[in-house]
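Structure first, commentary second.
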Amino acid sequence: MAKEVKDPLLPRKGEETSVPNRTDRVFQKGNYWYFHTREDVRIGPFDSRELAEKGSNDYVGFAVAADPVVLNSLSR
């Protein structure tokens with residue numbers, strides 16, 4: 001099943017102002033794939049882009065539910 005790719009130039013749900021500059025979280029270094037968190041933490045390596053994207057989505061789910069103290073500890 002193909003993942004729906006959202007257009008980064010379109011506003012997201014709830015955004016009423018201009019669309020901020022967005023970059024792709026997922027990147028490749030050598031033979032492996034990684035993703036950046038909002039806290040600028042690199043997570044990986046993953047064997048494929050698809051696995052890195054899944055990891056990124058899993059992380060976002062974690063970050064939404066996590067206590068702010070836990071998230072702050074990631075940026076140290």
Ranked highest first by the average count of other Cβ atoms within 10 Å around their residues, in what order do 66-72, 47-53 fall?
47-53, 66-72
Heavy atoms only, 1.4 Å probe, whole protein assembly: order VAL26, VAL60 by accessible area, highest first.
VAL60, VAL26
Taking all protein chains together and a probe of 1.4 Å, list ARG25, ARG42 from the most accessible to the least accessible.
ARG42, ARG25
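The values are calculated or read from the model by the stated rules, or taken from the named source; none is laboratory data. Quick caveat: nothing in here was measured; it's all calculated off a predicted structure. Neighbour counts run over all protein chains shown; Cβ positions are idealised from the backbone, glycine included. The accessibility values were calculated without ligands, DNA or RNA, using every heavy atom of the protein model including side chains. Shrake-Rupley method; radii C 1.70, N 1.55, O 1.52, S 1.80 Å.
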